[in-house]
Amino acid sequence: MKVTVASVVFWEALAFFDDFVISLQKQDCQEFDVLLINDNIPMDVLADRLKIYKKSFADRLHIVDKSTYKLLPYELRIELLFEALAGGTELLILLDCDDMAKSNRISEVMKQYDEKYDFYYNDLFLLNGMNAMPRLPEITDKIECLLECNYLGFTNCAINMKHIKEEFIESLKEGTTEIFDWYLFSRMLLAGMTGKHIGNTGTYYRIYVNNIAGISKCTISELEKERHIKLKHYGMLKKYDGRYRELIEKYENPDICRCRIGSDTNAYFWWGMLEHSRKLNRE
């Protein structure tokens, strides 16, 4: 099985790039390729940065330079999916270039791989070792899991590319959003795909100024930011499921929205602080 670890690399995260690469060097299984989609780093700078790691990865490293294309974040990630598919990748392991993988992440994903699932997700840890998203579900097989929050990101997930068609990737261009991971995995669930939790490993998640998603606090500004993100997300998905239209109606009225209490599991997930106070109709 061809396994590829893939990431979009960009200038604003260059200070953390060595940590990212070293975490790949330290994997206890080295049977994988590395695919980097270059957003905006001059190629001479990126090549110089990678020079010291050349011996480790040799011909396993593949760089696709998009630095002159001025692509948006969602476009870069769609390019990543196209490149992985075209290169014959069967298991695509995602890792953001400002994060790090635990040393057994790749081996555990491979060990716990089950072909019947379409995607896989592992725990997410802050750099201080705290589990940022405790109690992830063992199976994700319904869109209800992601209606009002997200725990599936481009840093803690893997995709079974055997089940992904070029037409599906092409259709993702509808998702003109900064929160592309939430959109991608929502689309996968809406298409009937399912995911499995990978235990006994994790991704170290870095919180800094360039994170769009991070550890939110229940402040008015954070909740309003989340409300607008949800409205845009729901607007792109409303044609696939009528519940998104209901969510739009509810989140357009901030008076029926509230901050989840700290003991609510969803409050730990991305975009999970805010909820509406009325039940949705099930279709």
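The values are calculated or read from the model by the stated rules, or taken from the named source; none is laboratory data. Please read all numbers here as calculations on a predicted model, not as lab measurements. Because the Cβ atoms are built from the backbone with ideal geometry, glycine has one as well, and the counts that use them run over all protein chains shown.
For (1) in contact (Cβ under 8 Å) with a residue 40 or more places away in the chain; (2) buried (at least 18 other Cβ atoms within 10 Å of the Cβ); (3) in contact with a Ser or Thr (Cβ under 6 Å, 6 or more places away or on another chain); (4) more than 22 Å from Y205 (Cβ to Cβ), each residue gets a yes or a no:
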{"site": "L71", "(1), (2), (3), (4)": "no, no, no, yes"}
{"site": "I78", "(1), (2), (3), (4)": "yes, yes, no, yes"}
{"site": "L81", "(1), (2), (3), (4)": "yes, yes, no, no"}
{"site": "I106", "(1), (2), (3), (4)": "yes, yes, no, no"}
{"site": "D114", "(1), (2), (3), (4)": "yes, no, no, yes"}
{"site": "N122", "(1), (2), (3), (4)": "yes, yes, yes, no"}
State which residue is nearest to E108 (Cα to Cα) when the search covers only the range 27-40 and only residues that are surrounded by 14 or more Cβ atoms within 10 Å (Cβ to Cβ) and out of contact with any strand residue (DSSP E or B) (no Cβ under 8 Å at 6 or more places or on another chain).
C29
Condition broken by M43, with the remaining ones in (1) surrounded by 16 or more Cβ atoms within 10 Å (Cβ to Cβ); (2) in contact with a strand residue (DSSP E or B) (Cβ under 9 Å, 6 or more places away or on another chain) satisfied:
(1)
Has the range 197-210 got any residue that is closer than 22 Å to E83 by Cα and in contact (Cβ under 8 Å) with a residue 12 or more places away in the chain?
no
Hits in the range 124-139 (condition: under 21 Å from A191 (Cβ atoms) and either surrounded by 14 or more Cβ atoms within 10 Å (Cβ to Cβ) or in contact with a Gly (Cβ under 6 Å, 6 or more places away or on another chain) (or both))
P137
If we scan the range 63-83, do we find a residue that is in contact with a strand residue (DSSP E or B) (Cβ under 9 Å, 6 or more places away or on another chain), under 25 Å from L127 (Cα atoms) and assigned to a strand (DSSP E or B)?
no
Among (1) within 13 Å of the chain's Cα centre (by Cα); (2) farther than 23 Å from N104 by Cα; (3) aromatic (F, W, Y), F168 falls short only on (1)
Every pair of residues 6+ apart whose Cβ atoms lie under 6 Å, when the first sits in the range 11-36 and is free of Cβ contacts under 8 Å to residues at least 60 places away in the same chain and in the same structural domain as L76 (by TED's automatic domain parsing) while the second is assigned to a loop (DSSP other than H, G, I, E, B) and crowded, with 16+ Cβ neighbours inside 10 Å
W11/N40; W11/I41
Complete set of residues in the range 11-41 that are farther than 25 Å from L81 by Cβ and assigned to a loop (DSSP other than H, G, I, E, B)
K26, D28
Kindly evaluate K173 against the criterion of being surrounded by fewer than 20 Cβ atoms within 10 Å (Cβ to Cβ) and either part of a helix (DSSP H, G or I) or in contact with a strand residue (DSSP E or B) (Cβ under 8 Å, 6 or more places away or on another chain) (or both).
yes
Select from the range 46-95 the residues that are basic (K, R) and closer than 24 Å to K162 by Cβ and list them in ascending order.
R60, R77
Going residue by residue through the range 89-104, is there one that turns out to be assigned by TED's automatic domain parsing to the domain that holds R187, farther than 15 Å from Y204 by Cβ and of a type in the set (G, A, S)?
no
